[in-house]
Every structure is written in C-alpha cells, then in structure tokens.
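Chemist: Right, I'll just put the structure down here and ask away after.
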Amino acid sequence: MTALGLLLLSMMGYSQHMQPAGTEGGAVASGGRSQLLSRADWGARMAKQVDYFKGPAPYVIIHHSYIPAACESTPDCKRSMRSMQDFHQVDRGWNDIGYSFGIGGDGMIYTGRGFNVVGAHAPKYNDKSVGIVLIGDWQIELPPPCMLQAAKDLITFGVSQGYIDPAYKLLGHRQVRDTECPGGRLFQEISTWPHFTQVNTTDIAAAPPAAKKIEPKH
Ligand SMILES: [Zn+2]
C-alpha cells in the first residue's frame, strides 16, 4: 500500500490498526518513536459492547495501574494488559478493559478501548476523555523516560488525527475522583506537561495521604 493510501486509511478510522508492531516507520507522532499495538497484539478478548462518543475528546486523563506492577518486556506488558482486562471485564463485569490505552515499561502503547470509545476509568469523564494508564505503581518512583515519551507521543498523535481537541485539558485521575491515582510521583510529573489543568485543588489538598487510602488505586 502506498504511503498516501495508509494516510487516507488512517484518516478514515482506527488509526491504531494502521500501525502494526514491527513496521518500519511505525511512529505514531512526528518526532516520536513509539509504536501503537492493536488489541490483537496483546491478545484482548472482544469487548462485550462498544459505545462511541463524538470526538474530539476535550480531556486526557492519566492513570497508573498500581496493580499490575511495572512491566519491562513486551511479553510481560501484554500479560499485564490481559490481566487488567480480566479484572475489569470478568471480575467487575464491565464491557472491556476500562482504559482507552495502556503504556508499558517497554515503551509500547497498547490499545485498550481506543479513541472515541466510551471508557470506564473516570466517572463523568468516560464519554469525553482519553484514559491512559501507565502500567505500574508510580506513587514513589517515576516511570522510565520511554513510558513518559510514549504517553506524550500518544497524545500528540491523538491531536494530529483529530481524536483529541487541540485545546485539551490534561488531568490526573485524582483530580476527578477521590483516589491517589496516578500516584504522587507521576502526578507531579504530568503537572509539568503542556495542557495540564488545575482543578479541584482544595479537594486534593484535603485528601488524606495516599498510603492510608483503601479505595481502588486505579
Ligand atoms: Zn486511575
């Protein structure tokens, strides 16, 4: 297929399917080297149901998984995606893994529900956001540079493809719900990123220390 054909296809729909792993030039964003893996790549089960919302999404919400812990190899990260899907879809009875995308310690981007699909990761924001989970517990430690870059590349890609509003607001999960997610260290990091938006600052300040929390951490 020609480059133009690929471009046109990518403009028509699910661009994440247009960038299979291992393809030369499979960068998802100009300047980025991240690769976007499909659901099939990590062995996802079918979603029970898929509900779409009209984009572009005005919010990007960052999570950590807490559990599973950080993964380093691609086989381990694929396993982590499957375990999160098991937890959400089987144990909790949701339609699918809750997040729009996962980021592994291998620097890969894993398609969860994908763009423009209603998620299950942040009540009130599920039909207007892209939910990105950085796999691991990032309360104390900072994710490695390749993970942070992959998350940034994914956002840049989403904006360039029209899935994310160019004036999007970047939030940590804790800003929209009583949770320590995405972990204090990661939250500190994303608060320095472009488009990070301060909301609910009094709620954050009033929240008890993360270590005392017994709420679900992701
Ligand atoms: Zn979360």
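Chemist: Count neighbours as other Cβ atoms within 10 Å of each site's Cβ, and list the trypsin sites (Lys or Arg not before Pro) in the stretch 52-138 that are DSSP loop with at most 13 such neighbours.
Modeler: Working: sites: Lys54, Lys78, Arg79, Arg82, Arg92, Arg113, Lys124, Lys128; in loops: Lys54, Arg92, Arg113, Lys124, Lys128.
For trypsin sites (Lys or Arg not before Pro) across the stretch 52-138 that sit outside H, G, I, E and B with at most 13 neighbouring Cβ atoms in 10 Å, the list reads Lys54, Arg92, Lys124.
Chemist: Moving to a separate point now. Students often get this wrong, so check it: of Lys54/Lys169; Lys78/Lys152; Lys48/Lys78; Lys54/Lys78; Lys128/Lys152; Lys78/Lys124, which have C-alpha atoms separated by over 23 Å? Could you put the intermediate results ahead of the total?
Modeler: Working: Lys54/Lys169 17 Å; Lys78/Lys152 20 Å; Lys48/Lys78 20 Å; Lys54/Lys78 29 Å; Lys128/Lys152 19 Å; Lys78/Lys124 29 Å.
Over 23 Å apart, Cα to Cα: Lys54/Lys78; Lys78/Lys124.
Chemist: Carbon and sulfur atoms: what percent of the 1.4 Å accessible area of the stretch 109-168 do they account for? Could the numbers behind the result be given before it?
Modeler: Working: 1170 of 2080 Å².
Carbon and sulfur: 56 percent of the exposed surface of the stretch 109-168.
Chemist: Would you mind counting up the charge near Ser38? Only other residues with Cβ under 13 Å from its Cβ, with Lys and Arg at +1 and Asp and Glu at -1. Mind dumping the intermediate values first?
Modeler: On the way: positive: Arg39, Lys78, Arg113; negative: Asp41.
Local net charge: +2.
Chemist: Roughly speaking, what is the centre-to-centre gap between the stretch 45-91 and the stretch 141-175 when only Cα atoms are used, to the nearest Å?
Modeler: 15
Chemist: In Å, the Kirkwood hydrodynamic radius of the stretch 60-140 over pairs of distinct alpha carbons?
Modeler: Working: mean 1/r = 0.0807 Å⁻¹.
Taking every pair of different Cα atoms in the stretch 60-140, averaging 1/r and inverting gives 12.4 Å.
The values are calculated or read from the model by the stated rules, or taken from the named source; none is laboratory data. Here the structure is a predicted model, which means the values were calculated and not measured. Neighbour counts run over all protein chains shown; Cβ positions are idealised from the backbone, glycine included. When the accessible area is computed, the model is the full protein with side chains, heavy atoms only, and any ligands, DNA or RNA have been set aside. Shrake-Rupley method; radii C 1.70, N 1.55, O 1.52, S 1.80 Å.
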